[in-house]
Structures are given as C-alpha cells and as structure tokens.
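The values are calculated or read from the model by the stated rules, or taken from the named source; none is laboratory data. Just so it is clear, the structure is predicted and the values come from calculations on it, not from any experiment. Backbone-built Cβ (ideal geometry, glycine too); neighbour counts: all protein chains shown. Protein only, heavy atoms only, side chains kept; ligands, DNA and RNA dropped before computing areas. Shrake-Rupley method; radii C 1.70, N 1.55, O 1.52, S 1.80 Å.
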Amino acid sequence: MPSTARVVRKLTGGISRTSLRKNTNAYTLWVVAVAEAIWNEFDAGATKILCKMVKRGNKIDLWIWGNGLGIQRWEPIVSLLDSPSAKDPGKRGKDGSGCKAGLRHAKELVFMSLLAGQRQLQTVGFTADELEAILHDGVQPDLKEMEIPADSPLAGHGTLLVWKDIGNGPVMYVDHKEDRSFDLLLAGLAGPLPRKVVKTLTLIDTAGNRHTLAPRKLVGELIELVGEIPGLGPVSCEVAVTTKPNRHDSLMVWAHDPGCSIGQFLRHAARVPANKDLAMSIAKVLDSPLILGEVTCVAFADYSIRGANAGFMQSLFADEETVFLFLQWLQTGLVPKVLALLGGPQEEDTNDDRLAEALVERFQRIGAAPSDDTDTHDLDTGKLATTPSIITLECGDSCWIEVGRVPDGITPTWNPTNAGGKLGQNTGKRVHFTAGAQPGDFRLILHVGNLVHRVRVELKQRLTPRLRQRTRTGEPDQIITWKLDYPKHIVGQLTWKLGDGDSGTLEVSKDTLSARHRLPQVSDRAREINIEGRLDDGTTMRLNGIVMVAPPVPSRSKSSARRPSKTEWVINGHTYELVLLRGYAAKDLQPCFIDPDDADDRTKITLNMTHPKFDGTAALAERVAELEVTAAIAGDELRRRQNDLDTMRSLNAEELIQQVSERSNELFTMLRGLAT
C-alpha cells in the first residue's frame, strides 16, 4: 500500500516501559488478540468489518478494517491508560491496551483513519521497540497524512489496522512458535465474539476467498430481548431452546466479553444468602442443556477478566445489589419466555426423585458429601440417640427443621406438645417451627420408625448478637468469613476493626453483619478482630474474635457435611452434581449429558428421564441410570486427566464406556465394581 505521506504533527504518549508488556499479556493468544481488534472496530460504530490476511512477498500481514467513525483522537493510540471508550459503559475499552494487542503477534502496527468528509487519510505506525521509546523516553512519533491508496478498503470513513509481518518481532513480545493460521481464526473467532459482532464480520484468506463467520449455532426458536435494568444499565439476550444441544452450546453470561456459563454464575450468586433462593429457582429453568445463547449485562464489565482466563471477578458476586437486580430481570423477563417454549414448568415425578436421591447417596459412599453452609437446623438421627440436638430461638421467632437421614419408606412424625411452640405440620422430613411467647427449656419429640428422639429447644426472651465462630484457625493469606448470629436487635451499622499490628485486611458486607478477613502472610501469632455497635435497648455491643494463623497443612481432605447434599458428591476432590431433565422438549435427546466446569472444579451430570432407556421397572431404570452416571464420572475424570476441555462432553454412556475401556480407565473399573 505505498503512497507518499507528509507529517501533520507530532504525537505525545507516556508511561513506564514495563507497562507495555504487562498491559498486553491478556492478548498472547492469536484468536483473542484478533477478536480484540475486531471489537475495537465495532465499538467505533462499524456495521461492516473485514479481517483479511495478505501476502507481502514472503511475509503475511493482517488487515482489519471497519466502516466506523474513524479515529477522532490519536494520542490514545500511542499511550496507555488512556481510552476514548473509558467513560462509555456501552463500550469495552478501558485502558487503551487492546489496540496494541497486535504487537504480541506482529513486527509492526500501522493505523490508518479516514474521517467523514475528508479526502486524505491519516496514519501512524510503530514497532514494539519504537512504542517503548514513545511511552518511556518521550519520543514523539509523526502523525502523517496521505492520499488514499488504490488498494485501501477505506472509503467514506473508517479505520484500517495493519499487523505487518505476522509471527515476527521481539521474542519478549512475540512467540514465534504459535499457530497464527487463517483456519484458526475461522474456527475460533465465534467463541470470544457476541453474535451482534459476528454478524458484521467477513474473513478473507490469502487467496482472496471470502468467508462469513457463522455465529455460535442456536438451534431452535430464538428469544431476543433488549432493555434497561433501572439502577444497573443496558441488558440484552439472544437465547434459544433447542432439541439438539452439542458440546459447544450453552447459555453464557457476558459483559462485553464472555464471562461464564449461567450455571456457574448462579452457583456463585447463590453463595450469598440474600440471593440464594432466587438464583436456585432460576437455575432450575435456565441451567439446562436445552437452553443456549448469551445474556449480556454491560454493568459487569468492571468485573470482567479478559484473555485466556476470561471470566468474572469474585467481587462481582459480593456486590449483592448488582447481582440481585440482574437475577430479578432474569426471573421476570427471561424465565417466563423460556418456560413458554418448554411447554411450562417441568412436572415433578416422585419415582424419578427417589431414583436420583438413591444414586447420589450411593456415590457419596464412594466419595464424600460436599460441605453445606445452610442455616437450616439439621438433625442427624444417627447422632440424636447419644447427643441431643439444640435449637436456640428468641420467643416468637421461627426456623426450619430438617432430618438428614431417614430410612426408605419411613415418614418422620413430630410431637410439639412440650416444645414451647408450634409446628406448621407434624409429619415430614422438613417442618417449620414457631417459638411461643414463654422463654424456657423445652423438648420437641421426633419419631422415626420405632426410634424416639428428643430435641432440646431453648427459647430466650432476648438473644444477644454473637459471632457464629468466635475462635478460628487459618493458614497464611487465607480468606475466612466472620458472621453474626442473632442480629435482630442491632441498630445501625457495625464497626469492624483488626487488632493492633495486624497486617491482614477486612472487607465488610453492606449490612455489616459479616466480613471477609484475609489473613496475613505470616504464621507468627493469634490475630484478633473487634466489632462494635449499638443495640435497640441503648447499650453498646462489643464482640471480638480470635484466629490462629498456622502454617499450611501438607494435605487436607474435604470435610463432609452433617447433612449430605441431595444432589452432589465429591470424588478425588472433584464435585459432581446430578440434575434430572424432564418435559416434552427433551424426548428426542440422548439419555445423559456431562457439562464440565473446570474453573469451579465441578461437573454437572444431567439424566434425561424422558429417554426410553429409563422405561420399565424401577429397578431397571435405577440400574440404567447408575451405569450412565458411572460412565459419565469415568469419562470426565479421563478428560480432566488429559486436560481436554471438550472431548466427551456430549457423549452418551455407551460411547463413554467404549472410550474409557479402550484406555483401561481404572476409575471406571472401580466405580462399576462398587456400584454393582
């Protein structure tokens, strides 16, 4: 693209030299870096974007063109921490590093821009070494002006970015061994780009052949919503209900970039008690292999992690109000439309539920139950015979009481005559208890078959706030959570402070009833936290907690819950969740799906209970389901061992059995032997 150019003016940039490499670390992957350049064109208003690989002698260049507004300010091109999009929540540019992503893959970058009404384009170019000199040494590059070359795609207005000499450049920036092929772009660009961007994009190979990049395939009727969440900002979705899911399809939560699956998002949201019930009710509908597409909330952009480890920061889920507003929109805006396409809510089937519970208990015996932090009073009938369980409440308050282990065919019955309160119902594994007005020490009688258990009930006129655990033990740099019980009489906000000389940090929740404590990096002594506040009787409340910071333990097994989860189990430190799929939309699908989430170290196994394999007697259905789940666990373990994120994600039991048998998978042999 030769043409004579004249200097218009000098440009000024500036920041430390080391920042250039650090700020472009997120773009070391070829597809991720090209996707970033395409995004920049879309943010500039482009409705047509061209990505073209061009041969130049024995070298290959990459051209990325968009018909947007063009470059209005040139200083951000040669600077860091300066982005024209930083104050626009609808755009993803924040620090000006994305436009330099090409330096991780090419020897030189050349920017060309044509503004509307102009007849000459402006241009600036630099190598990594030259940009370092601009940023660090105050060198001022030339902004040049030139006639529009005959082979330039620029016409009217827009931007052309040229990555010159792909695969070459300083070794500290460019990995010369990385695959930077056109085929890799064709296969991978649909992943990090939303459908609205993909629709504008055309790829051209070195032979001049044009390729339209297909968006991630959404088979089924499409739900498209665009709106605004008051107090949060723009939100949109493109969601489909399909009868042909595959391993590349799922429902994703985006900011501007892919964040995480809806399942992972809802699990993290549910860890905050205030959002738990809402998140779990949404998960029953949206966290399904039948639901795929993307939901985009630009307010999450401040919590986004870009690059190879893309996702959301954990601090997003600590922002209870932001997450609640988004969940509320899902529940009222998206869930009803999805349910309508599914033919209504899934019908419960007690036989299927009993089958699932039996399978979970069986695999918990092979592995373990996950830890459980529910506030429900859990009663273990195996322990009640020797150790009385105690329920402590303030007069007039209420709680749920749940029995964890009950033999098959037995329904627990309750006698609240001398319990100091009343029950919502007197039978069942889970009952609601309301304390009476009289304080004292009472007994609630529980009958499980021929066994009789007495549950101690302490009713107090007034319960003083206290720390749930006053003394703790932790490892250096570990994060522990302090929580208050009985906060009813607290007035206003509490004040949390670390003890004198403590180098740790405290992150207090909005309601000030809990705090996350990052322990110091040394294990020299006990640490203290102090809490102060006012109570509704006018007195001052002072509490303190002590944590002993001990050296790391060489190995620590996962703890088991008092009440095992009804849906999850842990094998070799990896969590598995069993989900049942029902409804007419699933009738033609395979019997079993595995959906791995390696970021959370867990895998969801979905059994399609509408499949004919589960017809017949209850014993036969249970045996078939057991084989499906066993094969799914073994196949997933093999996938993780080989660090393969995709293979076997959508294989059914027969295919998995063949895969794991051919590789002599010992875990499969063990599981099959134990489950038989």
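Points to keep in mind about this one:
- Residue in the stretch 512-528 that is open to solvent by less than 20 Å² (accessible area, probe 1.4 Å) and over 32 Å from the mean Cα position of the chain (by Cα) present: yes
- None of Arg602, Arg672 is more than 26 Å from Leu286 (Cα to Cα) and either modelled with pLDDT of 50 or more or surrounded by 16 or more Cβ atoms within 10 Å (Cβ to Cβ) (or both) except Arg672.
- Candidates Val32, Val54: the one that is within 27 Å of Lys199 (Cβ to Cβ) and at pLDDT 90 or above is Val54.
- Each residue in the stretch 21-33 was checked for being closer than 8 Å to Ala101 by Cα and assigned to a helix (DSSP H, G or I), and 2 of them qualify.
- Taking the stretch 206-255 as the range and being closer than 29 Å to Met53 by Cβ, modelled with pLDDT of 85 or more, part of a loop (DSSP other than H, G, I, E, B) and open to solvent by less than 50 Å² (accessible area, probe 1.4 Å) as the test, only Gly208 passes.
- The residue that is least open to solvent (accessible area, probe 1.4 Å), counting only those in the stretch 183-205 that are modelled with pLDDT under 85 and of a type in the set (D, E, K, R), is Arg195.
- Any hit, the stretch 147-167, residues being open to solvent by less than 30 Å² (accessible area, probe 1.4 Å), within 29 Å of Asn25 (Cβ to Cβ) and in a helix (DSSP H, G or I): no
- Residues considered: Asp408, Asp353, Asp375. Of these, the only one that is in a loop (DSSP other than H, G, I, E, B), at pLDDT below 85, surrounded by fewer than 16 Cβ atoms within 10 Å (Cβ to Cβ) and within 32 Å of the chain's Cα centre (by Cα) is Asp375.
- Verdict on Ser523 being within 30 Å of Gln364 (Cβ to Cβ) and at pLDDT below 85: no
- Residue in the stretch 267-281 that is under 19 Å from Gly343 (Cα atoms) and either at pLDDT 80 or above or in contact with a Ser or Thr (Cβ under 6 Å, 6 or more places away or on another chain) (or both) present: yes
- Which numbered condition Glu622 misses (of (1) in contact with a strand residue (DSSP E or B) (Cβ under 6 Å, 6 or more places away or on another chain); (2) of a type outside the set (A, V, I, L, M); (3) at pLDDT 80 or above): (1)
- The set of residues from the stretch 460-501 being free of Cβ contacts under 8 Å to residues at least 24 places away in the same chain and either open to solvent by less than 50 Å² (accessible area, probe 1.4 Å) or among the aromatic types (Phe, Trp, Tyr) (or both) comprises just one member, Asp485.
- Output for the stretch 51-70, where each listed residue is part of a loop (DSSP other than H, G, I, E, B), open to solvent by 10 Å² or more (accessible area, probe 1.4 Å) and closer than 10 Å to Glu41 by Cβ: Asn67
- Qualifying positions in the stretch 424-440 - under 39 Å from the mean Cα position of the chain (by Cα) and open to solvent by less than 40 Å² (accessible area, probe 1.4 Å): Gly428, Val431, Phe433
- Residue match in the stretch 42-50 (condition: open to solvent by less than 10 Å² (accessible area, probe 1.4 Å) and within 24 Å of Asp129 (Cα to Cα)): no
- Boolean, Asn572 is modelled with pLDDT of 60 or more and surrounded by fewer than 20 Cβ atoms within 10 Å (Cβ to Cβ): yes
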